[in-house]
Amino acid sequence: MTSKAELAERDRGILHLSRLLEKEWVIISLLVAWGLFVYYHQLGYPLKGEEAHYAAIARRIVRTGEWLRFEYEGHPYLNKPPLHFWMIALSFLAWGPTEFAVRFPTATFGIGTMLLVYYCGKVLYHRRIGLVAALITTTTLSTVWNARIAKVDTELGFWMNLALFAFYVAYRGGGRRFGYLCLAFVAMATGTMVKGPVAVLLPGVTALALLVITRRSKAPREIPFLLAGLGIFLLITGPYYQSLGGAFNRHFFVGENLTRIWGGGSPAFFYFYAIFTEFFPWSLLLPSAGIYLWKSRSRSLGEGELLLLVWMVGFFLLLSLPAFKGARFLTYLIPPFALLLARYSEHLFSESERLQLVEDRLLRITATVLALTTFVVLFVGPRLIRMRYRIPADFVPVPFALLIGVGCVAVAYTALRKRPQGIFVGMMAVALVMTFGLVQFFYPALGRYASPIPISLQVREKVRDSPLVISDPRNGFTYEIVYYLDRPYPVPLLQTADEIHAAFRAERPLFGLLAKERYEELELRGDLPLLRVADYSYRKMDMVLVANRDRL
């Protein structure tokens with residue numbers, strides 16, 4: 001039996017631990033440690049797709065010292081402003097030309113988003129909600145995936161959400177704090193330097209809607225202060241875009257941005273169903289949280305709930321307006337989404353005995369669906385991943401799979417026992433374990449079994465200093481292969497069979513890395529003496545290395 005002295009000692013230990021966890025520096029330290037693991041650990045797997053494209057441009061910045069006029073394989077690059085490439089280039093200078101350096105800026109903004117969400121929760125409610133929201137942020141599938149690839153969306157999401165929250169703090173409590181208003185416009189300006197007008201439209205329109213809703217009678221009085229903020233914005237972005245030249249601005253603002261508004265084949269309701277996969281597993285709580293908010297409409301919403309609703313609904317609707325849509329853009333909604341669910345968790349813990357019947361049933365269904373979905377993913381997921389990435393189905397260790405299985409059983413048990421708090425705690429535990437497995441097991445397997453590096457090395461060995469062209473109509477392998485080939489001079493990227501035909505007709509030795517369908521199209525013509533040097537396969541895409549054999 002346990003003695004009274006041992007019980008007293010255990011109680012003192014628990015009390016000491018609880019007091020320690022009340023210290024903010026402890027919470028911040030734990031969050032940063034977890035964030036370092038989620039966002040920085042195992043970042044060295046090979047680059048893929050646009051990551052390699054961006055990395056090649058940044059590598060050229062470092063080698064040539066040209067920080068304003070970008071080229072990719074001999075052609076001007078006008079699709080994105082330079083700030084993102086500058087950060088990768090600076091990361092190269094700090095860490096060397098590694099995959100970790102390419103992803104370091106984006107991963108850092110992932111940690112920044114986590115800390116921003118924590119601070120928002122603390123300011124709006126209290127420290128516990130900030131902590132829960134930060135953990136939800138780091139265990140949502142979209143956040144982890146997008147913060148570990150070197151694209152601009154995580155950075156842009158950070159600046160837009162910082163801008164909106166700074167705007168809210170500037171007017172919180174009926175006062176006005178001009179410093180926070182300036183911060184909001186500086187954040188929008190920085191986001192605009194990353195990706196253009198969207199960084200103004202989403203937070204700007206949503207902030208104006210919030211201003212009208214909360215200060216309807218006084219809104220005209222704010223015009224001078226908003227104009228001052230606009231002046232700050234223009235002072236930052238005006239010289240920046242002017243320095244990029246007229247050709248860039250015409251292509252970027254007219255060609256890129258207007259095309260996204262009118263062009264694209266995504267359905268109008270694309271984000272309504274994409275949010276459930278991108279925000280898994282926490283998206284399963286959205287119906288229950290929606291019921292809670294609907295039932296709360298009879299009472300006036302607090303300032304925090306009103307902000308979160310306007311924040312999330314405003315961003316969601318504005319993202320849904322353009323014809324061009326992408327699941328990765330939902331990353332911008334992560335902060336209000338995480339804060340809303342953290343606020344809902346408070347409701348579950350404080351009012352679990354007074355839950356509405358519909359809400360209680362939805363919660364239990366949510367727990368059951370999570371358990372069943374996770375079991376299906378454990379059995380079917382590795383096979384689906386193998387079909388796409390050619391990763392062996394057994395890349396997940398059996399003990400880890402069993403741990404997730406036990407967690408799912410626990411969640412299902414809490415659903416049967418009608419314990420709302422247990423359901424939420426169980427979901428958090430499963431989400432943390434799944435995130436750990438994604439970082440610890442999936443990304444290393446991706447680097448081992450879905451790497452373009454061996455192909456690039458083999459092509460380099462066969463081609464040596466001879467001229468090389470590439471034709472990949474779907475851009476399925478071009479960026480990765482070109483980056484790791486690291487040729488001293490540009491590699492022509494040919495789009496049509498006629499371009500390839502003309503290139504191989506030239507009076508010079510030539511190699512070509514062609515998509516298999518392109519090679520077969522040339523073979524059908526039958527008028528080119530091509531030597532089939534080697535065949536390669538990468539991520540279920542077949543390619544052929546050929547040479548004009550009569551000139552070798």
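None of the figures in this text is laboratory data; all of them are computed from the coordinates on show. None of the values given here were measured: they were computed from a predicted structure. A quick note on method: Cβ atoms are made from the backbone with ideal geometry, for glycine too, and the neighbour counts reach across all protein chains shown.
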| Answer label, with percent of Cα pairs over 44 Å apart calculated from the coordinates and candidates (1) 17; (2) 25; (3) 47 | (2)
| message | Placing +1 on the Cβ of each Lys and Arg and -1 on the Cβ of each Asp and Glu in the chain, which of Ile404, Phe225, Pro322 has its Cα farthest towards the positive end of the resulting dipole? | response | Phe225
| request: Among Asp472, Asp465, Asp360, rank each residue by its count of other Cβ atoms within 10 Å, from fewest to most, as a rough exposure measure. | output: Asp465, Asp360, Asp472
| request: With r as the distance between the Cβ atoms of Phe441 and Leu416 and R0 = 30 Å, compute the FRET efficiency 1/(1 + (r/R0)^6) and round to 0.05. | output: 0.50
| In nm, to one decimal, how far is the Val380 label point from the Phe276 one, both placed 7 Å along Cα→Cβ? | 1.4
| Label-to-label distance, nm, for residues given as Val406 and Arg128 (7 Å Cα→Cβ offset) | 2.7
| Just for region 413-549, what percent of DSSP beta bridges are antiparallel, to the closest 5? | 70
| query | What is the helix-to-structure angle for 398-416, meaning the angle in degrees between its Cα long axis and the longest Cα principal axis of the chain, kept from 0 to 90 and rounded to the nearest 10? | reply | 40
| query | Does region 117-214 come out rounded, prolate or oblate by the C-alpha gyration tensor, with a ≥ b ≥ c the root eigenvalues, rounded set by a/c under 1.5 and, if not, prolate when a/b is larger than b/c and oblate if not? | reply | oblate
| Mean Cβ count within 10 Å, highest first, over the residues of peptides 179-190, 138-149 | 138-149, 179-190
| query | Mind checking the angle between helix 334-350 and the chain's longest principal axis? C-alpha axes, 0 to 90 degrees, to the nearest 10. | reply | 30
| query | For the chain, what proportion of DSSP beta bridges, expressed in % and rounded to the nearest 5, is antiparallel? | reply | 75
| Lys pairs under 26 Å by Cα in the chain, provided they are eight or more residues apart or on distinct chains | 21
| Acute angle (nearest 10 degrees) that the helix 223-242 long axis makes with the longest principal axis of the chain, alpha-carbon atoms | 20
